[in-house]
Amino acid sequence: ARWWSPAGLSWLHSSRLRAPLYLRGTPWQVQMGGHWQPLGRALPACHLSAFEAEAWCAWAGRRLPTEGEWERAALQGDPAFTWGAVWEWTASSFEPYAGFVAHPYRDYSAPWFGSRRVLRGASFGTQPRLHHARYRNFFTPERNDIFAGFRSCALQGHRGGAR
């Protein structure tokens, strides 16, 4: 329980999960289409809630990137920063910002400002026209049924890696 935020711990208790819903370990497998299959080492974990992502980051001494950090890294074009296999949770709340244009239509985004978490990137199930580093997706943090994973950042002033 020490790695979980209060909201994450509440979700964990109410969900009665003991592990990620669609992952099992040793060796790691992922459930896709109702079938368990090996999770390749190069593939991201999928179907993780923001709470699970935050707990892993706390355990590893890391954090989720902000939406701005994620976008800057994605737009730099570094081949080491690949994205698009799964949506990636960020630490940011879904809010408008200067220059933000609701896409594809206003009623899809504006009603949810302040009540959702931002995911960036795309997934293998995303329409090609929405597969862009600036596209914003959003869900409530307990959602583990979407094609979502995460990446982590070092804590401020901390140069260590993940465990």
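Laboratory data are not the source of any read-out in this text; all were calculated from the coordinates shown. On a predicted model such as this, the values are computed, not experimentally measured, just so you know. Note that each Cβ is placed from the backbone with ideal geometry, even for glycine, and that neighbours are counted across all protein chains shown.
General remarks:
- Anisotropy class of the chain from Cα gyration tensor, a/c 1.5 cut: rounded
- Average Cα contact separation per residue, the chain, under 8 Å, 6 or more apart, as relative contact order %: 27
- Scaled to the globular estimate 2.2 N^0.38 Å, the Cα spread of the stretch 1-91, given as radius of gyration, is 1.20.
- Choice from 148, 50, 80 showing the highest fluctuation, given a GNM over the chain with Cα pairs closer than 10 Å: 80
- Two-site FRET efficiency, residue 60 against residue 131, from Cβ-Cβ distance with R₀ of 25 Å, rounded to 0.05: 0.30
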